[in-house]
1. Taking 0.36 nm per intervening residue step and subtracting the Cα-Cα distance, what contour gain separates A:Val69 from A:Arg126 on full extension?
2. After finding the eigenvalues of the alpha carbon gyration tensor for region A:285-343, what semi-axes result from the square roots of 5 times each, listed largest first in whole Å?
3. Taking all pairs of distinct Cα atoms, average 1/r, flip it, and tell me the Kirkwood hydrodynamic radius of region A:1-99 in Å to one decimal place.
4. Suppose we keep just the alpha-carbon trace of chain A; what are its Rg and Dmax in angstrom?
5. Between A:Asp484 and A:Ala179, what is the FRET efficiency for a Förster distance of 56 Å, r being their Cβ-Cβ separation, to the nearest 0.05?
6. Sequence neighbours fewer than 8 away in the same chain don't count; with that in mind, list the aspartates and glutamates whose C-alpha is under 15 Å from A:Lys24.
7. Could you give the length gained on full extension between A:Ala538 and A:His88, defined as 0.36 nm per residue of separation minus the Cα-Cα distance, in nm?
8. For a test of the definition: using alpha carbon positions, the gyration tensor, and the 1.5 limit on a/c, classify region A:349-487 as rounded, prolate or oblate.
Amino acid sequence: MRYSEMFLPTVREVPSDAETVSHKLMIRAGMIRKLTSGIYSYLPLGYRVIRKVENIIREEMHNAGAQEVFLPMVQPAELWQESGRWVHYGKELLRFTDRHDREYCLGPTHEEVITDLVRHEVKSYRQLPVTLYQIQTKFRDEIRPRFGVMRCREFGMKDAYSFDATEEGAEINYEKMYAAYNRIFMRLGLKYRAVEADSGSIGGSYSHEFMVIASSGEDALVFCSACDYAANLEKAGAATGAPKPEKTEPVKILPRTEVHTPDIKTIEDVCAFLNVLPVQVVKTVIFNADGSPVVALVRGDEEINPIKLKNYLGCEVLELAKDDMIREVTGAPRGFAGAIGIKARMIEDYSLANMSNFVMGANREDYHLLNVNRGRDFEVSECADLRFVREGDTCIHCGSALKFARGIEVGHVFKLGTKYSQAMKAVYLDANGREQVMIMGCYGIGIGRTVAASIEQNHDDNGIIWPLPIAPYQVAIVPVNSDDARMAQAAEGLYQALSSRGFEVIMDDRNERAGVKFKDADLIGIPYRITIGPKNLAEGKVEIRERGSGAMNVLPLEQVVNFITGAVRKENE
RNA sequence: CGGGGCGUAGCGCAGCCCGGUAGCGCGCCUGCUUUGGGAGCAGGAUGUCGCAGGUUCAAAUCCUGCCGCCCCGACCA
């Protein structure tokens, strides 16, 4: 396209409310504009990239046997009441009423709608399995939208849903999608990692997140330095038993004593006051699990991972106990809780395994206990992995050291099981004529977020560096001086030649100085720039520069088409 | 929802403390010059100073209320 005719408003100055590189560059490159908090318009350049990503996803979905549908965004409350999420989804679900006072919501995801569709049409095992997907705008009323399209309220998402008659079938579908996702993110040219994840409010038995590695990422991920284990920090399993140097002699159990610790509440304070190390202290944390108190014990230098605890308990809502509940179970204010005599269900983390003669709250205001020992002083019947792993911890699979990285979650695959099909009665008749509940899976990719993640990974000081498969245009033609008839003519010739062969080309025919054109071409990240300048043109030559590597080639006009064809073909391999 | 900040030309900002004709840079329009990394000169257009109310002879500036946006936290596929 001719630049002079394009709606491509690039800006030199960075908008003051942009924080991340991708947000700044998407605005500067004229890809997006904000309408209101967390809601963005895509301009032509941005939308071209979106469509490229969508089409790659479409191809791989079709290869994986999924069929495209298009589901409503406005959904009736009844459906959500049936699944139970009208109550549980919370304020992220934007609800409203129509003129008849009927209740609706904007779809933040589409399990209910798709389950409703399939339960009406699928009656027999002969019709299964079926996998459907759509690319839709979702709305989630995020508490705090940020980072441009990375975490916004209205966003484009590809979501696929599989329905199977058998567990084995569901597994196969999950594997198919997992493989398709790997192909998608590979084709998009992203450095990513698939990690084990918690399934969160979508529910279901297990899931993987696809994380694009980026220092600006909102999520922490953990991976093994030796084997291929990788997990979300929330999910990452800690090796059982605290790593302890081998002990030669049995520990002498010392008599328990109570010490006065006025206003000493945190582990840090306790350690300083009693001159002990955090590894000699047991942290006693009281939670409110669906209204009942639950006590979790962990070594003083570790942190409780509430998601692990929640999954262990299988409760609906888990939060830190309020002061009155703490007083109720410990008889003391916050800061002095301990295991001895506490009135609640108690679970200890594996990190307590080798501890003896440790420090603990006394369940009495301003007192702690020294030389507490399990068995003698208290018993805990339940033991589980409750703590956050830390960098350097041992891998639960191979025992090597774990490493940390930051990532942007761009895709998530869930094995849902029967959570929705059960609640919404999506059933079929099996070969024996018996009614069975369908087994579901769901698989999402955030489109806009994927684009932003790509920019986070592919940019320099001058702007975006698009990987060829998602570049909005492949080639930019820059005649250094558009007033010069010979340059303009050469540019026009190349433009026609490349366009007619199916390449996507921007011809910068603006009456701007060369510097401006170069800056814009760099900013919007076009992979190949063909510069037509006076000296080279006098010899019938032009210059081709690669945006990413900066590699430069000067070659005769008539070889340009071949060069670009070859370069694009090579990239696609 | 708690804490903090901001709202003045299309964009980025100054002016506000200490009330007195609304400014700068970029962009935009016109002309001339210039033309390989965001040009120079000359001329020009553009504002209900977020909204509402109050104080005052006089409010961008002081006071009250509201709205919007951003950041930190809590929360969350």
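1. Fully extending the segment from A:Val69 to A:Arg126 adds 18.4 nm.
2. Here the semi-axes work out to 18, 14, 9 Å.
3. Working: mean 1/r = 0.0574 Å⁻¹.
Kirkwood radius, region A:1-99: 17.4 Å.
4. When restricted to the Cα atoms of chain A, Rg and Dmax are 29.6, 97 Å.
5. Using R0 = 56 Å, I get an efficiency of 0.60.
6. Cross-link targets: A:Glu13, A:Glu456, A:Asp460, A:Asp461, A:Asp520, A:Asp522.
7. Stretched out fully, the A:Ala538 to A:His88 stretch lengthens by 154.9 nm.
8. Taking the square roots of the gyration eigenvalues as a ≥ b ≥ c, region A:349-487 is oblate.
The values are calculated or read from the model by the stated rules, or taken from the named source; none is laboratory data. Remember, predicted model here, so these are calculated numbers, not experimental data. We place every Cβ from the backbone using ideal geometry, glycine too, and count neighbours over all the protein chains shown. Accessible surface areas use protein heavy atoms only, side chains included; no ligands, DNA or RNA. Shrake-Rupley method; radii C 1.70, N 1.55, O 1.52, S 1.80 Å.
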